[in-house]
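Visitor: Have a look at this one before I ask anything.
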Amino acid sequence: DQPVPLIIGGCNSVTAQIVSRLLVPLSLPLVSYTASTPGLSDKQQFPNFFRTMASDVYQARAIAQLAIKFKWTWVGAVVANNDYGLMVLKVFQEGIQRAGLCLAFVETLQRENIVSDARRAALAIQASTAKVILIVTWYTDVMELFLQLEKLNVTDRQFLASEAWSTSSDLRQSTFSHKVASGVLGVAIRSSTLPGFDTYIRNLNPLLRPNDHFLKEFWEKEFGCSPGITTASPFASLPPCNGTESLWAVNNLFTDTSQLRVTYNVYLAVYAAAHALHSLLSCPDVNSSPGRNITCSFTNQIKPIELMEQLSKVNVTTPQGEAFNFQGADITVKYDLVNWQSSPEGQVQLVLIGLVNGFDLHLNESAIQWSTGSSQVPVSICSEACPSGTRMATRKGEPICCFDCIPCADGEISNTTGSTQCVHCPSEFWSNAERTACIPRQLDFLSFNETLGITLTAVAVSGVTVTIAVFVVFLYYRQTPMVRANNSELSFLLLLSIKLCFLCSLVFIGRPSAWSCRFQQAAFGISFVLCVSCLQVKTIVVLAAFRSARPGAEALMRWFGPGQQRGSVCFFTSIQ
């Protein structure tokens, strides 16, 4: 027997990893049609591996794009407790967190404990405020989860499906899916039509394929008669067929070629292998390439390593019009976006609503039927967006999607919904009562026309007049013993400071301006301190004069002479 140069297989990721490692020493290429784990893209570990199935990283990113697009900031997740579920969850979480979205909860399902795990996950879904739930697991696990949700009467959730169960006919035809899982939105392996395949299927006949036992049993079950082939059969007592039976009148899963997904991946794997073999076995015209050392392979001389090299160079256009080539181990990422919709007959149909091509999402939103049965996009949030006039304040120990709305402080506003901080108003403005806009400040000041303003002005003018009169009297009698004994220099300073204090009160009356606001406090403070300093020094002089009358205290007055008095007043005033 001739050695096998290429294997198309590895029906799941674990099998593909094991088989690929076994075939590495033989340089034998392996082309898988369903293995999707990201690790298989590593050409260092799996140099002989190729696949026509996209890596799970891309479906996780596509689902994250859906959540971001529809602004679902609060999403629950139920995933299989294995590499597949946990990896998709990790990539999905990274994608939504960059957009400010959060996971409400994460529940895992173990195949060995599926009933108890599904019950726990159903209770978590029921207790959570998240209305959108991501489910990443095998369809049999989802079936048990939906059964538990039906028991709890949880019927208002919007489910996001991974490709492992988004197209499951068993799930769609189950009785509880109509109640629990309407409007499912999911990612699916891309589908395509195969030219001539429908005709091939419908022309199958056990009389033409006597060794096909599966076809014989299917024929007996479908038509209730024996095709007349003498082989052991579970339907041996059936009457013979009359020869008019045909699959052209049969419509079931076996004859339905409209949803060829894994089948199309197998087709692409065979198509790639055929082109690689064609390139390897096709010899170019030696005369057209003079001087070149050209070697040609023959059917009995095919080397796996040469076929693997040709496989990596495949770059063709399929009969469906798609460009096909391998990028390392992978092909261009393509997914279908599907939606479960109820038909008038009461059945759940799988409807194509969009495509994923690489990193691009193409979606027909108007074609989606949501879990509510309407075209209104479901809302899944932890906290309502903060209205204008408030800002978001995250709750301690909770995700950023859960927050409280705090009113803006005086002088601050927020005029958009969902503001993270309030903005200070300009210096000449103030916030309105709703804290949504800055309005000009209302100026409150004491006018000269008001009763209190007139009264204060009259008092100030009277005080200044009396002070000036006393000043004039002191000045006129400055040479008299009484004025001189009263320390005339300090007395004049004191009268001047009192007059300034009266005048300063006039600055506080009337419409404020930039110069008056700067002058008010400083002028009054200096005038008042000058007045108090004069009184303090005069008090010290009087005290020193009385104490100097005691025997032996004559030198005390020398420390409080005119120079020291002036210096003390200047020192105390300069501090202010």
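The values are calculated or read from the model by the stated rules, or taken from the named source; none is laboratory data. Everything numeric here is computed off the predicted structure, so don't read it as measured data. Cβ coordinates were reconstructed from backbone atoms using ideal geometry, including for glycine residues, and neighbour counts include every protein chain displayed. For accessibility, only protein heavy atoms count, side chains too; no ligands or nucleic acids. Shrake-Rupley method; radii C 1.70, N 1.55, O 1.52, S 1.80 Å.
Visitor: Among ASN205, GLN349, GLY411, pick out the residue whose Cα is farthest towards the positive end of the charge dipole of the chain, where Lys and Arg carry +1 and Asp and Glu carry -1 on C-beta, about the Cα centre.
Guide: Highest projection toward the positive end goes to GLY411.
Visitor: Against the longest principal axis of the chain, how steep is helix 83-97, in degrees 0 to 90 to the nearest 10, with axes from Cα atoms?
Guide: The angle comes out at about 30 degrees.
Visitor: So, one more: Once ligands and nucleic acids are excluded and a 1.4 Å probe is used, how much of LEU281 is accessible, expressed in Å² to the nearest 10?
Guide: 60
Visitor: Mind checking the per residue accessible area of the range 443-498 for me, 1.4 Å probe, whole number of Å²?
Guide: 68
Visitor: Next up: Angle check, please: helix 13-23 long axis (alpha carbons) against the longest principal axis of the chain (alpha carbons), in degrees 0 to 90, nearest 10.
Guide: 60
Visitor: Same structure again: Please report the net charge: other residues with Cβ closer than 13 Å to the Cβ of VAL472, K and R +1, D and E -1.
Guide: Once all neighbours under 13 Å are counted, the net charge is +2.
Visitor: Quick one: pull the percent of accessible area on the chain belonging to carbon and sulfur, 1.4 Å probe, ligands and nucleic acids left out.
Guide: On the way: 18170 of 31380 Å².
That fraction is 58 percent.
Visitor: Still on this model: Where does the charge balance sit around ASN415 when Lys and Arg score +1, Asp and Glu -1, over other residues with C-beta under 15 Å from its C-beta?
Guide: That works out to 0.
Visitor: For a protection proxy built on the mean count of beta-carbon atoms within 10 angstrom, sort 79-89, 45-55 highest first, please. Kindly include the intermediate steps, with their values, before the conclusion.
Guide: Working: 79-89: 20.2, 45-55: 22.5.
The most tightly packed comes first, giving 45-55, 79-89.
Visitor: For the chain, give the share of DSSP beta bridges that are antiparallel, in percent and rounded to the nearest 5; count only bridges with both residues there.
Guide: Close to 55 percent.
Visitor: Suppose a student asked you for the relative contact order of the chain, using Cα pairs under 8 Å spaced at least 6 residues apart; what percent would you report?
Guide: 11
Visitor: Where does the chain land at 222 nm, in deg cm²/dmol rounded to the nearest 500, when only DSSP H runs of n ≥ 4 count, each adding -39500 (n - 2.57), divided by all residues?
Guide: After summing the helix terms and dividing by the residues of the chain, the value is -12500 deg cm²/dmol.
Visitor: Can you tell me which of 59-67, 512-520 comes out highest on packing, and rank the rest after it, using the mean Cβ neighbours within 10 Å?
Guide: 59-67, 512-520
Visitor: If I fit a long axis through the Cα atoms of helix 514-548 and take the longest principal axis of the Cα atoms of the chain, what angle between them do I get, 0 to 90°, rounded to 10?
Guide: 40
Visitor: Mind ordering 425-431, 528-534, 134-140 by average Cβ neighbours within 10 Å, highest first? Walk me through the numbers before you get to the answer.
Guide: Working: 425-431: 14.4, 528-534: 20.1, 134-140: 23.6.
Going from most to least packed, we get 134-140, 528-534, 425-431.
Visitor: Follow-up question, since we're still on this one. Filter the cross-link list LYS43/LYS334; LYS69/LYS396; LYS43/LYS313; LYS90/LYS313; LYS131/LYS334; LYS43/LYS69 down to pairs whose alpha-carbon distance in this structure exceeds 23 Å.
Guide: Pairs exceeding 23 Å: LYS69/LYS396; LYS90/LYS313; LYS131/LYS334; LYS43/LYS69.
Visitor: GLU450: net charge of surrounding residues, Cβ under 15 Å, Lys/Arg +1, Asp/Glu -1, itself excluded?
Guide: Once all neighbours under 15 Å are counted, the net charge is 0.
Visitor: Also, quick follow-up: Over the range 83-182, give the accessible area per residue in Å² for a 1.4 Å probe, as an integer.
Guide: Result: 41 Å² per residue.
Visitor: Semi-axes of the chain's equivalent ellipsoid from the Cα gyration tensor, sqrt of 5 times each eigenvalue, largest first, rounded to whole Å?
Guide: Result for the chain: semi-axes of 97, 31, 21 Å.
Visitor: For ILE400, ILE468, ILE114, write out the residues from largest to smallest accessible area, computed with a 1.4 angstrom probe and no ligands counted.
Guide: ILE400, ILE468, ILE114
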